[in-house]
1. Under 9 Å between Cβ atoms, which residue pairs at least 6 apart in sequence (or on different chains) link something in segment 20-34 that is at positive phi with a partner that is crowded, with 23+ Cβ neighbours inside 10 Å?
2. Which one is farthest from residue 107 (Cα to Cα) among residues in segment 64-91 that are away from the ligand (no atom under 16 Å from the Cβ) and of a type in the set (Ser, Thr, Tyr)?
3. Sort out which residues of segment 92-120 are hydroxyl-bearing (Ser, Thr, Tyr) and within 16 Å of the ligand (Cβ to nearest atom), and write them in order of number.
4. Hey, among the residues in segment 40-63 that are touching an Asp or Glu at 6+ places or on another chain (Cβ under 9 Å), of a type in the set (A, V, I, L, M) and not in a helix (DSSP H, G or I), which one's farthest from the ligand (Cβ to nearest atom)?
5. Within the group 165, 182, 152, which residue is under 19 Å from residue 76 (Cα atoms), surrounded by fewer than 20 Cβ atoms within 10 Å (Cβ to Cβ), small (Gly, Ala, Ser) and away from the ligand (no atom under 14 Å from the Cβ)?
6. Being closer than 27 Å to residue 200 by Cα and among the charged types (D, E, K, R), is that true of even one residue in segment 79-99?
7. Within segment 42-55, how many residues are touching a residue at least 40 places away in the same chain (Cβ under 8 Å) and either under 30 Å from residue 197 (Cα atoms) or out of contact with any Gly (no Cβ under 8 Å at 6 or more places or on another chain) (or both)?
8. Starting from residues that are more than 8 Å from the ligand (Cβ to nearest atom) and surrounded by fewer than 24 Cβ atoms within 10 Å (Cβ to Cβ), keep the ones in segment 1-17 and report whichever is farthest from residue 118 (Cα to Cα).
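The values are calculated or read from the model by the stated rules, or taken from the named source; none is laboratory data. All figures in this text were calculated on a predicted structure; none of them were measured in a lab. Counting neighbours? That spans all protein chains shown, and the Cβs are built from the backbone with ideal geometry, glycine included.
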Amino acid sequence: MAPKIAIVFYSMYGHIRTLAEAEKRGIEKAGGTVDLYQIPETLSQEVLTQMYAPGQPTDIPLLEDPATLEPYDGILMGIPTRYGNFPAQWRTFWDKTGAQWAKGSYHGKMAGLFITNATQGGGQESTALAAMSTLAHHGIIFVPSGYKHAFAQLSDVSEVRGGSAWGAGSFTAGDGSRLPSAKELEIAEIQGEQFYKTVAKFSG
Ligand SMILES: Cc1cc2nc3c(=O)[nH]c(=O)nc-3n(C[C@H](O)[C@H](O)[C@H](O)COP(=O)(O)O)c2cc1C
């Protein structure tokens, strides 16, 4: 049976969403289908206005109930770095998963990560490392991207580029003006394709 895949992301300014769509293309290229969900906003409108946040798009459902993820075999998680870690919006979601933790409802699922942050050295890899503790407590199996399927892209240092063996990524610049590059999107697409194939291989 084909594995059931979800992409779950929080995106304040849209960069993570753009990567999520590239991940989706990769999954579809591998012959899979995927459901997209957004982590709900937790900040007040006053703070969001001060942060020039455009507001969450309405075309992707909000993941209010952690039970929604229980039927999925694989989950790709899109994380915009906050101080090298999950943003509070994501943490609020995890803080609602006590029942899943207690019942082991997420145990044995597979997860991949894709991450955006402002600057090189700003915490793309530390964000992935910080996520490991949460995945470990739930018994979720982390699927790294590795180098095998994106060696040319990951070993090319001729341009500014996010993404690593931990998963796809993009640098947004301090003011958010840098959009995901063609190479970063290519790496995200490769990750989606390979993630689907890995979940299909091991979840059957
Ligand atoms: C409170 C806050 C903390 C942040 N911390 C970091 C950081 O530690 N390193 C970094 O490079 N970028 C940091 N950023 C930039 C965000 O990671 C960036 O805005 C985000 O990845 C953009 O993704 P999005 O367009 O999907 O929201 C921070 C942004 C905010 C608002």
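1. Once the first residue is at positive phi and sits in segment 20-34, its partners that are crowded, with 23+ Cβ neighbours inside 10 Å give 31/196.
2. The extreme case among them is 68.
3. Just the residues of segment 92-120 that are hydroxyl-bearing (Ser, Thr, Tyr), to begin with: 92, 97, 105-106, 116, 119.
Scanning segment 92-120 gives 92, 116, 119.
4. 62
5. Numbers: 182 fails: under 19 Å from residue 76 (Cα atoms); 152 fails: under 19 Å from residue 76 (Cα atoms).
Checking each option against the conditions leaves just 165.
6. So far as segment 79-99 goes, no, none of its residues is closer than 27 Å to residue 200 by Cα and among the charged types (D, E, K, R).
7. Residues flagged as touching a residue at least 40 places away in the same chain (Cβ under 8 Å) and either under 30 Å from residue 197 (Cα atoms) or out of contact with any Gly (no Cβ under 8 Å at 6 or more places or on another chain) (or both) within segment 42-55 amount to 3.
8. 1
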